[in-house]
Amino acid sequence: MKAGVGLVSSLVLFLLIGAVFTQRPRPKRPTKRPPTTRKPPVRKPVGPTEPEPQEPTDFPPPILGPPSIFPDCPRECLCHPSYPNSLNCENRNLRKVPIIPLRIHYLYLQNNYISEVTAEAFNNATEVRWINLANNRIQKIDKQVFEKIPALLYLYVQKNQLKEVPSGLPATLEQLRLDRNLISKIPAGAFNKMENLTLLDLHYNQLSDINLGKNTLKDLKSLMQLNLAHNVLKKMPSGVPGNIIQLYLDKNRIDDIPKDYFKDFTHLAFVRLNYNQLSDKGLPKTVFNVSTLLDLQLAHNQLTAIPFFNSHLEHLHLNHNSIESINGTEICPYEMQADLSDDSLVPRLRYLRLDGNHLHPPIPLDVIMCFRHLHSIII
């Protein structure tokens, strides 16, 4: 009996020992997958993209003003109680001209996004005298606009995108500013019957000689200031009215002035011809001998000698030319041996600018002796 029990115990122990040896530790699975080589993704062909919209892509929203005591005041504008005849619509992000009330004389629309001026806004605005449309994006002004406002005196449309002078301008105009546009055309008769115009500003445009025919400016009998600077003129403009006082022609391509160009100008006081292509050959000897001329500017040209000028001239700008010498005897408007006890006969030149030439100090004594009123000379 004991032998049987011992046999059974030995058998159980043997089985337990075998189980221990047969249980091997299982290998741990890797926590990361081994790197695999993937094929690059195939990109789908992209179709033709839409062209980008022209600048600006977005306009800021119009700015609405506070409620006004005037029921006819457009919400986009301001109507100040102290100035019942003024409509202030500047800097309001406007796309078009609002309806203008009948009572308005002064209309301020500068610094907006207006691209076209149509007649509908002016149906009741028959009393408008002053319009400022500067710094917009105006490409067109309907002719009918000026039929609605026949008593207009001042029209400012500078810094826009006009390609020609507007048609149908009222005969009452006194000032017309069209500078900093893209104007390359002046329609025939654009200035007809405008006998009251005193200021015409067309600088920074694209006007050439062909745009300024002999009759283009002839009707401007009251014109006092003409600004044609920064265009592409090669010749002096023809048909300039004789009452002109200020003539500005800087930054063109003018290389010649006709001998008698200034002879019919009875009030001409200021002439600016800076940044042109003038040489001694293109300046007749006495072309600037104009008794009314007070200020003459010929800077940044190709002159090698100081041109003759009248004794009444007070300011002379000749800087940045090719002048190598200055001779007081040659440029003095009178004989230095003459008796000048009468001070009114002494040349009136007060300011002479000669820097940017080939000159060196000192200033010749004969220059000082001739121009006794000379207060400033830059050399």
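Out of contact with any strand residue (DSSP E or B) (no Cβ under 9 Å at 6 or more places or on another chain), touching a residue at least 24 places away in the same chain (Cβ under 8 Å) and under 14 Å from Q297 (Cβ atoms): does that describe L233? Don't jump to the end; show me each part of the working.
Details: out of contact with any strand residue (DSSP E or B) (no Cβ under 9 Å at 6 or more places or on another chain): yes; touching a residue at least 24 places away in the same chain (Cβ under 8 Å): yes; under 14 Å from Q297 (Cβ atoms): no.
For L233, the condition - out of contact with any strand residue (DSSP E or B) (no Cβ under 9 Å at 6 or more places or on another chain), touching a residue at least 24 places away in the same chain (Cβ under 8 Å) and under 14 Å from Q297 (Cβ atoms) - is not met.
Which numbered condition in (1) over 25 Å from D179 (Cα atoms); (2) in contact with a strand residue (DSSP E or B) (Cβ under 7 Å, 6 or more places away or on another chain) is the only one that D260 fails?
Of (1) over 25 Å from D179 (Cα atoms); (2) in contact with a strand residue (DSSP E or B) (Cβ under 7 Å, 6 or more places away or on another chain), only one is false for D260: (2).
Checking the structure you have, find out if any residue of the stretch 241-261 is in a loop (DSSP other than H, G, I, E, B), farther than 27 Å from Y204 by Cβ and over 25 Å from the mean Cα position of the chain (by Cα).
Let us first name the residues in the stretch 241-261 that are in a loop (DSSP other than H, G, I, E, B), namely 241-245, 249-261.
Still in the list and also farther than 27 Å from Y204 by Cβ: 259-260.
Narrowing the set further to residues that are over 25 Å from the mean Cα position of the chain (by Cα) leaves 259-260.
Yes - at least one qualifying residue is present in the stretch 241-261.
Kindly establish whether V232 is among the β-branched types (V, I, T) and buried (at least 17 other Cβ atoms within 10 Å of the Cβ). Spell out the reasoning first.
Details: among the β-branched types (V, I, T): yes; buried (at least 17 other Cβ atoms within 10 Å of the Cβ): no.
No, not satisfied.
Taking the stretch 44-66 as the search range and keeping residues that are surrounded by fewer than 10 Cβ atoms within 10 Å (Cβ to Cβ) and closer than 30 Å to A125 by Cα, which one is modelled with the lowest pLDDT?
Within the stretch 44-66, the match that is modelled with the lowest pLDDT is P66.
Among the residues of the stretch 310-321, is any within 24 Å of H230 (Cα to Cα), without any contact (Cβ under 8 Å) to a residue 40 or more places away in the chain and of a type in the set (A, V, I, L, M, F, W, C)?
Filtering the stretch 310-321 down to residues within 24 Å of H230 (Cα to Cα) leaves 315-321.
Cutting the leftovers down to without any contact (Cβ under 8 Å) to a residue 40 or more places away in the chain gives us 315-316, 318, 320-321.
Those still in the list that are of a type in the set (A, V, I, L, M, F, W, C) too: 316, 318.
Yes: the stretch 310-321 contains one or more residues that are within 24 Å of H230 (Cα to Cα), without any contact (Cβ under 8 Å) to a residue 40 or more places away in the chain and of a type in the set (A, V, I, L, M, F, W, C).
The values are calculated or read from the model by the stated rules, or taken from the named source; none is laboratory data. Here the structure is a predicted model, which means the values were calculated and not measured. When we count neighbours, we look across all protein chains shown, and the Cβ atoms used for this are built from the backbone with ideal geometry, even at glycine.
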